[in-house]
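Read through the structure below, which is laid out as structure tokens, and then see the notes.
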Amino acid sequence: MQETLDPQDWDQFGTLAQTMLSDMLNHLSSLSEQPAWREMPTQVRQSLQQEPLPLTGQPEAEVYSQFLEQVRPYPNGNLHPRFFGWVQGNGTPLAMMAEMLASGLNPHMAGFDQAPALVEQRVLGWLRELMGFPPECGALLVGGGTMANLIGLTVARDRWLDGQTLLGNSRRPVVYGSSQTHAWVTKALRLLGLGSQTFKVMACDSDYRIDVPDLRRQLQRDLSEGLEPMAIVGTVGTVNTGAVDPLNELADLCADQQIWLHLDGAFGALARLAPKLRGRLEGLERADSLAFDLHKWMYLPFECACALVRDAQAQRQSFGLEGSYIEPETRGVIAGGLPFAQLGVELTRNFKALKVWMCLKSYGVEKIGRIIQQNVDQATYLAEKVASHPELELAAPAPLNVVCFSYPGVDNRELLTRLQISGKAVPSGTTLNGQFVLRVCLVNHRTRLTDLDLLLDSVVALGQELRLESS
Ligand SMILES: *Cc1c(COP(=O)(O)O)cnc(C)c1O
């Protein structure tokens, strides 16, 4: 007998599939009645950890029941309106359906000049336009900000190498960025064979923005010592506080000194979609390369980010690939070659573009911009409430959508852990000026002002509890 993995009985499978869909929609529509996070019971944890390799199959419906009992209740919580930790997007029901359609159709997105490729090309055209980049610049959808940043920095390195290799090369490159630069940068430098010590950490001003005059002086010192400035990494929305580096000043400096300007706009670049916020990002469109996530502040499900590189030719030189088995033809299936595979690391790519296309078309850029603005207004509301609260202390300016604060006089690490375990709300933590603080990041389209009130009430109650315990 010859076998296949398609269902034996399509009708029966269809019934199960309908159940999966309606269960998931029920889950999404009742999020606010669920806790923001649940600790996993030991026996569920052990059951998942100890399952033996399944040599023979079991009915799909049984596997699905296990998903309902053991997996669905225990994710990290980022869909919930009171999840404020790290920078984690939420996803939308429409995007979920788009992912199903994309993986049902399952096209190979190395290129292949058919409808899915045209959808990705159109989406990339829209994203260039949103970021103020020219239509001819290189653009690619990738898995996340880390990968999008790696792509930008790879092209920067190759331009700097100018055809040389790193082996036996005694030139000494330097990449500059502020102390608030995300950790992707040192990982990327290690992957690029330059080593993390290539990254020079520059000081920030009191608003956590890179100190450009100081950077200018450092560049001069390094040049006089024979070092070679390779790139400056600016951040558009730092993880810790949402600070935006002075983009025009960085672009001027890079133009002066002929240095590559790479901008990490993982979440912050999306503020360009909100008309009132756009002015704060002026200069972003001058970068040589820009990375931004769509799975954070564009509310799409994981994974999806975009890399833009002004010089598409240089990007193709860094990432191009050839092989007799993938030679382009003028007609037939491989007509047009594999353009996406020539712009990034991956050859086989999924159809992420479909969720971007469907969501942009159905919501419209203006609505997404309004929700981004709503998150910034929520951050301002929270920062003001904290600042005027007698028992709380604002730890840093909140220029965008991140608010850092503490309950002074108690162990804020313990306070945060208790708050998370209570399931009431999930901020994350960070250290600013040597002090551990709570960090609330608003990239959630489901959050309401009442959720922020509940957060503050919970923090104050836990702060009082901890103060009593220690007295
Ligand atoms: C999230 C983030 C990254 C990394 O992006 P991923 O999508 O998690 O890979 C880089 N920089 C900043 C500023 C971020 O917020």
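Distance between the 7 Å Cα→Cβ label points at Arg278 and Ser170: 5.2 nm.
Length, then width, then depth: along the principal axes, the Cα atoms of region 338-471 run 67, 31, 28 Å.
In this label model, Thr348 and Val71 are separated by 1.9 nm, measuring between points 7 Å along each Cα→Cβ vector. Across region 299-310, rounded Karplus estimates of 3J(HN,Hα) from the backbone phi angles (6.51 cos²θ - 1.76 cosθ + 1.60, θ = phi - 60°) give 6, 7, x, 5, 10, 5, 9, 9, 10, 10, 10, 4 Hz, Gly and Pro being marked x.
So how far, in whole Å, is the C-alpha centre of region 43-117 from the one of region 397-442? For region 43-117 versus region 397-442, the Cα centre distance is 29 Å.
How high is the FRET efficiency between Ala115 and Ser388 when r is their beta carbon distance and R₀ equals 51 Å, given to the nearest 0.05? E between Ala115 and Ser388, to the nearest 0.05, is 0.40.
Distance from the C-alpha centroid of region 287-329 to that of region 181-203: 20 Å, rounded to the whole angstrom.
Listed by chain and number, the lysines whose alpha-carbon sits under 26 Å from that of Lys352, ignoring those within fewer than 8 places in the same chain, are Lys187, Lys296, Lys361, Lys367.
The radius of gyration of the Cα set in the chain, together with its Dmax, comes out at 24.2, 79 angstrom.
Laboratory data are not the source of any read-out in this text; all were calculated from the coordinates shown. As the structure is a prediction and not an experimental result, all values here were calculated from the model. Methodologically, a virtual Cβ is constructed for each residue, glycine included, from the backbone with ideal geometry; neighbour enumeration extends over all protein chains shown.
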